[in-house]
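The structure appears below as structure tokens.
No lab work stands behind these numbers, since they all come straight from the coordinates. Keep in mind it's a predicted model, so treat the numbers as computed, not measured. Cβ coordinates were reconstructed from backbone atoms using ideal geometry, including for glycine residues, and neighbour counts include every protein chain displayed.
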Amino acid sequence: MLIIGFESSCDETGVAVACTERGLLAHALHSQIAMHRDYGGVVPELASRDHIRRIVPLTRQVLDEAGVRPRDLDAVAYTAGPGLAGALLVGAGFARAYAWAQDLPAIPIHHLEGHLLSPLLADEAPDFPFVALLVSGGHTQLMRVDGVGRYELLGETLDDAAGEAFDKSAKLLGLGYPGGPELSRLAQDGDPGAYALPRPMMHSGDLDFSFSGLKTAVLTRMRALQDEGDATGHKARADLAASTEAAIVDVLASKSLQALRRTGLKTLVVAGGVGANRHLRARLTQALDDLGGRAYFPPLQLCTDNGAMIAWAAVQRARAGLIDLQALRGDAAFAVRPRWDLSDVCVA
Ligand code: ATP
Ligand code: MG
Ligand code: FE
């Protein structure tokens with residue numbers, strides 16, 4: 001079965017073709033990062049308009065690269081939420097119209113399920129069950145995953161997401177958007193032990209997170225540096241960046257290990273944009289090695305938003321028998337869900 005998938009929940013337009021037997025055949029991505037950079041964050045209206053500009057050429061490119069004709073396709077998948085309403089509507093509207101024109105079923109996919117199952121796209125994929133650490137720009141969750149559609153929330157952030165902690169701290173340090181990769185780059189020149197920053201909720205006894213206090217601590221340190229006339233010095237900023245990264249990685253690693261202990265599992269899967277962080281990858285790989293288990297990550301370019309994870313999630317759901325293709329064929333109606341709980345796509 002051949003499925004084309006569309007992602008447009010935020011600032012990346014992604015299109016991909018995946019096959020239930022042969023895996024991912026092709027994927028293409030246009031990131032709007034450069035466009036939003038001048039504003040220091042994503043401007044929703046600009047995002048929607050750019051998705052409109054990109055989605056047709058990307059679709060042509062992907063079909064071409066996959067060597068697939070529209071009439072070879074068996075289904076269309078699209079991100080139905082969560083995300084920016086206008087941005088979601090572009091992908092969903094295009095996907096639904098495309099499906100209608102080709103007389104294909106259109107499958108709504110939950111964006112976080114896409115992230116969650118993306119490590120299964122790696123050459124060496126994990127087996128169920130596993131603990132998943134989902135760390136993206138908008139979410140920080142620990143989940144027990146027993147199979148496709150079988151997700152149990154173990155803990156989540158009470159305020160900022162880990163990606164947000166990176167982005168907001170980077171902004172305080174005067175770095176560009178998105179802050180995660182930039183902060184991580186600056187941190188390479190710094191000493192992670194230079195500043196004793198808080199590790200919020202690390203010993204709270206549950207699997208929840210909180211990152212807003214860390215951001216405040218970075219702000220306080222930055223102000224102190226300004227008072228000392230040192231805020232523009234490369235070494236001082238690099239030290240603060242390295243200390244911030246160390247604090248976030250410490251908390252994420254510690255809570256992941258607590259989740260493994262609680263569930264008795266020895267497989268950890270990391271998904272979402274922060275999963276691209278080198279220190280987090282190194283730390284968790286080592287920790288799982290010590291445990292006699294294993295940590296899995298999505299291929300690096302598939303950590304942040306992309307179409308491949310959406311086509312792939314649809315393939316996984318189809319294989320698991322969770323999609324009623326017939327019901328999704330005739331109905332031309334579609335809806336997006338800017339706020340949408342992952343538990344809504346779990347099997348009962
Ligand atoms: P969500 O999926 O929750 O709706 P999103 O789609 O915006 O949010 P992703 O695209 O998965 O999130 O990830 C983007 C986030 O990942 C940003 O916050 C970015 O700073 C962060 N990020 C990307 N690369 C790195 C890195 N190397 N180190 C730390 N953070 C990173
Ligand atoms: Mg993005
Ligand atoms: Fe995302």
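A few remarks follow.
- The 3J(HN,Hα) values that the Karplus relation (6.51, -1.76, 1.60; θ = phi - 60°) gives for region 27-42 are, in residue order, 8, 9, 9, 10, 9, 8, 3, 4, 5, 8, 4, 4, 9, x, x, 6 Hz. Gly and Pro appear as x.
- Structural descriptor for region 34-142: relative contact order 22 percent, calculated from alpha carbon pairs under 8 angstrom and at least 6 residues apart.
- DSSP bridge orientation in the chain - percent antiparallel, rounded to nearest 5: 60
- Range in the chain, longest, excluding exposed trypsin sites (Lys or Arg not before Pro) [loop by DSSP; at most 12 other beta-carbon atoms within 10 Å]: 23-338
- Listing E182, E164, E45, E245 from fewest to most neighbouring C-beta atoms within 10 Å gives E45, E182, E164, E245.
- The string of couplings for region 326-341 from the Karplus curve (6.51, -1.76, 1.60, θ = phi - 60°) is 4, 5, 8, 7, x, 7, 7, 6, 8, 9, 10, 10, x, 10, 7, 7 Hz, one whole number per residue in order, with x for Gly and Pro.
- Extreme residue, positive dipole direction of region 107-180, given options I109, F166, P129 (C-beta unit charges): F166
- Converting phi to 3J(HN,Hα) with the Karplus coefficients 6.51, -1.76 and 1.60 and the offset θ = phi - 60°, region 126-138 yields x, 9, 6, x, 8, 8, 10, 9, 9, 10, 10, x, x Hz in sequence order, with x at every glycine or proline.
- Rounded tilt (10° steps) of 278-291 against the dominant C-alpha axis of the chain: 90
- All-pairs Cα distance distribution in the chain, expressed in whole percent, bin size 10 Å: 6, 26, 32, 23, 11, 3, 0
- Label-to-label distance, A101 versus R294, with points set 7 angstrom from Cα along the beta-carbon direction: 4.3 nm.
- Antiparallel DSSP beta bridges within region 127-297, percent to nearest 5: 60
- Reported to the nearest whole Å, the Cα centre-to-centre distance from region 257-279 to region 1-77 is 28.
- Size of electric dipole in region 61-149: Cβ of Lys, Arg +1 and of Asp, Glu -1, about Cα centre, debye, nearest 20: 380
- Computed over region 127-297, Cα set: Rg, Dmax in Å: 16.1, 54
- Only lysines eight or more places from K235 in sequence, or on another chain, were considered; those with a Cα closer than 25 Å are K168, K171, K215.
- Simple point charges give the picture: +1 on the Cβ of Lys and Arg, -1 on the Cβ of Asp and Glu, and for region 127-297 a dipole about the Cα centre of about 260 debye.
- Estimated Rh, region 88-194: Kirkwood, alpha-carbon pairs, angstrom: 16.9
- Ordering Q32, A295, Y195 by Cα displacement along the dipole of the chain toward the positive end leaves Q32 in first place; charges were set at the Cβ atoms of Lys, Arg (+1) and Asp, Glu (-1).
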